[in-house]
Amino acid sequence: MKKDNQALTEKEKWLVLTVIVIKMIMDGLDGSMLNIALPSISQNLGVSSGAIIWIVSSYMITTSTTVLSFGRLGDIIGKTKFYLIGIAIYAASSLVSGMANSLETLVIARVIQAIGASCTMANSQGIIAMVFPQNQRGRALGIYGGAISLGSLAGPTVGGLIVAYMDWRYIFLLKVPIAILAIILGIKYFPRDTPEKKEKVDYPGAILYAVAIVPLLYSLQEGYNAGYTSLVILSGLGLSVVAFTAFFIVQKKSKAPLLDLNLFKNPLYSVNILTSLILGLSNSCFSIVIPFYMQGVLNTPVNIAGMYMSISPIIVILVTPLSGILSDRIGGEKLALVGQFLNCGGLLLMSTLTKSSPVIIMVLYLSVINFGNALFQAPNNALIMSSIPPDKLGIGGSASQAIRNVGWTAGVSFSTVVLYGGMSSVLGYRVTGYVQGSGMEDAFIFGMRNAFLISSGICIVGIIVSVIKLLRNKRSIQKAGI
């Protein structure tokens, strides 16, 4: 970190982005490789499949809980310093994860790993916005968005090879040298990032946010299985509401808040955050529905299903950088709206699938969704980051990431309720999963259709919000021209 960002050459700017992309690919690999290795880890550590899921859940809850605080700390300490600290934590915890001999040790290591990932996640978009001027920002954020899709695409294949020919531990151990390489490049090429003013950490706000978000995510994740009327779930949701209320009161009164609520007074920031949240709510549906549909209803072998599912991420990888370039040249709002329309159309098409639909038709419909999502993400991210003051890039970027995480988790929970609720109404008894049996396929198709129809309806709300925003902007421009 030897230069101010203004002094970086073009080559150095893209080397900074390369470091961020390396870490994003690791993040994408993390979940997709680990999911395929869960049965092997469960068997090796001698724990149940229900217990082993906590190595995934603990990571998700930790990142969602800490990303907002770490974005604020990035603004106070320095985004690039905090980012490199995060990679170092990630590397060390990956080493411990690969050497773990018990579930407890692995879960603790995963929590620490999530803290490191959260440090980088919270500040990556802020660093990109700091390094790249506005006319290059869309392209850079497009590449950034495609990186995690690349990791998700390669994950199942790489994870399968590691489990088959090596050992599940190498899923963690192989990340260590890659993270060390990213640290070396970051130290050499990242710009100096010295905050203009010293501010205190909002510890009360951080504690209240954690007390609010942890029971919320737990209740959303476990709500259907435990029952939304159960005492545990109702208590969790109630605690979350009380803590969030106290959190916003504290933030409004604080001189140096964890979350600067003034950011949301900017319509460009708040509306684009809202549309991103809505898209996450609607798109999370197919992440839980499609694997069961392919393997349970269509009886597609798991290896063939994995090949088909790889097509959609390829589209995201190819289209997202192009979307970023177009965003820089023609503006992001209209391009993002086109992406929302395609996304909604793809969800509606998914609702027409039956138990006799060819797999290639489903892949085509998924491709429409992912094409739309790729067109939306880069310009939407660029619009969000361009609306944030320079000294708030860390908290602004981390707030958008936290809201997306919550939206995705809420969407998964909501889709689960709609899917299994629909199946239960058809079968006449409570369903909590897909198992082979009489009438199960028809019941699943009914629940799946409802889930996609409601998801498309949620997406339409986002389209309406975007259209209203465009019309208001048009009127403002017309008034300014009079």
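The values are calculated or read from the model by the stated rules, or taken from the named source; none is laboratory data. Just so you know, these numbers come straight off a predicted model, no measurement behind them. Ideal geometry is used to build each Cβ from the backbone, glycine not excepted, and the neighbour counts take in all protein chains shown. Protein only, heavy atoms only, side chains kept; ligands, DNA and RNA dropped before computing areas. Shrake-Rupley method; radii C 1.70, N 1.55, O 1.52, S 1.80 Å.
How many of the residues in region 205-226 are open to solvent by less than 80 Å² (accessible area, probe 1.4 Å) and modelled with pLDDT of 85 or more?
Summing the residues that are open to solvent by less than 80 Å² (accessible area, probe 1.4 Å) and modelled with pLDDT of 85 or more in region 205-226 gives 12.
Identify the single condition in (1) buried (at least 21 other Cβ atoms within 10 Å of the Cβ); (2) modelled with pLDDT of 85 or more; (3) more than 30 Å from Val431 (Cβ to Cβ) that Leu347 does not satisfy, given that it satisfies every other one.
Evaluating Leu347 over (1) buried (at least 21 other Cβ atoms within 10 Å of the Cβ); (2) modelled with pLDDT of 85 or more; (3) more than 30 Å from Val431 (Cβ to Cβ) leaves (3) as the failure.
Would you mention how many residues in region 248-261 are part of a helix (DSSP H, G or I) and under 24 Å from the mean Cα position of the chain (by Cα)?
2
Quick grid of which residues meet (1) modelled with pLDDT under 80; (2) touching a helix residue (DSSP H, G or I) at 6+ places or on another chain (Cβ under 7 Å):
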site	(1), (2)
Leu38	yes, yes
Ser42	no, yes
Leu45	no, yes
Val67	no, yes
Gly71	no, yes
Ala88	no, yes
Ala122	no, yes
Pro133	no, no
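Which of the residues that make up region 160-173 are open to solvent by 30 Å² or more (accessible area, probe 1.4 Å) and at pLDDT 90 or above?
Passing the criteria: Arg169, Tyr170, Leu173.
Pick out the one residue from Thr320, Thr352 that is surrounded by fewer than 21 Cβ atoms within 10 Å (Cβ to Cβ) and either over 17 Å from Ile458 (Cα atoms) or in contact (Cβ under 8 Å) with a residue 12 or more places away in the chain (or both).
None of the others qualify; the one that does is Thr352.
Taking the condition of being in contact with a helix residue (DSSP H, G or I) (Cβ under 7 Å, 6 or more places away or on another chain) and among the aromatic types (Phe, Trp, Tyr), how many residues in region 212-229 meet it?
Final tally of qualifying residues: 2.
For region 265-286, indicate whether the set of residues that are out of contact with any helix residue (DSSP H, G or I) (no Cβ under 7 Å at 6 or more places or on another chain), among the polar types (S, T, N, Q) and assigned to a helix (DSSP H, G or I) is non-empty.
No, there is no match, as no residue in region 265-286 is out of contact with any helix residue (DSSP H, G or I) (no Cβ under 7 Å at 6 or more places or on another chain), among the polar types (S, T, N, Q) and assigned to a helix (DSSP H, G or I).
Residue under question is Ile403, and the condition is that it be open to solvent by less than 30 Å² (accessible area, probe 1.4 Å) and either more than 28 Å from Asn272 (Cβ to Cβ) or of a type outside the set (Phe, Trp, Tyr) (or both); does it hold?
Here the answer is no, as Ile403 does not meet what is asked.
Of (1) open to solvent by less than 30 Å² (accessible area, probe 1.4 Å); (2) among the hydrophobic types (A, V, I, L, M, F, W, C); (3) modelled with pLDDT under 85, Phe414 satisfies all except one. Which?
Of (1) open to solvent by less than 30 Å² (accessible area, probe 1.4 Å); (2) among the hydrophobic types (A, V, I, L, M, F, W, C); (3) modelled with pLDDT under 85, only one is false for Phe414: (1).
Return only the number of the condition from (1) open to solvent by 40 Å² or more (accessible area, probe 1.4 Å); (2) over 20 Å from Ile454 (Cβ atoms) that Ile384 does not satisfy.
Every listed condition holds for Ile384 apart from (1).
Out of the residues in region 227-242 that are in a helix (DSSP H, G or I) and of a type in the set (Gly, Ala, Ser), state the one that is most open to solvent (accessible area, probe 1.4 Å).
Applying the filter and picking the extreme gives Ser235.
So which of Ala114, Ala109 is out of contact with any Phe, Trp or Tyr (no Cβ under 7 Å at 6 or more places or on another chain), in a helix (DSSP H, G or I) and either hydrophobic (A, V, I, L, M, F, W, C) or closer than 26 Å to Val319 by Cβ (or both)?
After ruling out the rest, the residue left standing is Ala109.
If Thr245 satisfies every condition in (1) within 20 Å of Ser400 (Cα to Cα); (2) part of a helix (DSSP H, G or I); (3) at pLDDT below 85 but one, which is the exception?
(3)
Which residues, counting only those in region 67-90, are hydrophobic (A, V, I, L, M, F, W, C) and open to solvent by 10 Å² or more (accessible area, probe 1.4 Å)?
Passing the criteria: Phe70, Leu73, Ile76, Ile77, Phe82, Leu84, Ile85, Ala88, Ile89.
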